[in-house]
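Report on the following structure.
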Amino acid sequence: MKLGILGGVFDPPHVGHLAFAHAALEHLGLERLLVLVVADPGHKHAEAPAEARLRLARLAFADVPGAEVELDGHPRTVDFLQELKPADAAFLVGGDELADFAAWKEPERILELVRLGVALRPGVPDERMREALARVPTPDRILFFEMPPVPVSSSQVRERVRRGEPIDDLVPERVAQEIARLGLYSGSPGYTPAKREGPKSS
């Protein structure tokens, strides 16, 4: 396949996200990776505003070969895919997300538009995976790949920042520096977008 699509809140992006991306690129033979930062996630609260999360994601994925990072303003995955109509693409998810895939909006249509690239990682019981596959209308549209366990979460990063502890082992150095510069997750009054000083590279 040529294109992998990785969507998420990225609040903030961390080394686990990067491990996920590298594993998908390697095992699925992807040429490009489209990283979608969900602007308004309906399923969870985002602490940092979309503009800040987009900046962090662009810094995090800057060294991933073939990666492009964009803001996704669509309310659901199928809405974005209906507009993009990608050719020869896989939408990348973890095993925990596959377990909930039947509850997504129009899962059948998603599998018509793309394949699912599912990362096999510890934490999701085999029985739950089998049950999830049984609910998928076209299981032949699912591709599995393995990734090493990376015990990190965005909530863990945010909690460390709130406690004033270092996060250098959890996020790329540039992301840690930008979180500090913007004052994100520290319990301060909030993030105010900086005035543009000129064109910014993507």
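The values are calculated or read from the model by the stated rules, or taken from the named source; none is laboratory data. From a predicted model like this one, the values you see are computed outputs, not experimental measurements. For neighbour counting, all protein chains shown are included, and Cβ atoms are generated from backbone atoms with ideal geometry for every residue, glycine included.
If we keep just the residues of region 161-176 that are in contact with an Asp or Glu (Cβ under 9 Å, 6 or more places away or on another chain) and over 25 Å from L30 (Cα atoms), which is surrounded by the fewest Cβ atoms within 10 Å (Cβ to Cβ)?
The selected residue is E165.
Every residue, every condition in (1) at pLDDT below 90; (2) polar (S, T, N, Q); (3) touching a Cys at 6+ places or on another chain (Cβ under 8 Å); (4) in a loop (DSSP other than H, G, I, E, B), yes or no:
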site	(1), (2), (3), (4)
V152	no, no, no, yes
Q156	no, yes, no, no
V161	no, no, no, no
P166	no, no, no, yes
D169	no, no, no, yes
R174	no, no, no, no
Y185	no, no, no, yes
G190	yes, no, no, yes
G198	yes, no, no, yes
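Considering L3, L59, L28, L18, which residue is touching a residue at least 40 places away in the same chain (Cβ under 8 Å), surrounded by fewer than 22 Cβ atoms within 10 Å (Cβ to Cβ) and under 11 Å from the mean Cα position of the chain (by Cα)?
Unique residue meeting the criteria: L18.
Can you find a residue that is at pLDDT 95 or above and more than 30 Å from P49 (Cβ to Cβ) anywhere in region 113-132?
Scanning region 113-132, I find at least one residue that is at pLDDT 95 or above and more than 30 Å from P49 (Cβ to Cβ), so the answer is yes.
List the residue pairs whose Cβ atoms are under 6 Å apart, where the first residue sits in region 138-160 and is surrounded by fewer than 14 Cβ atoms within 10 Å (Cβ to Cβ), the second is aliphatic (A, V, I, L, M), and the two are 6 or more positions apart or on different chains.
Filtered contacts from region 138-160: T138/L111; P139/L133; E146/L120.
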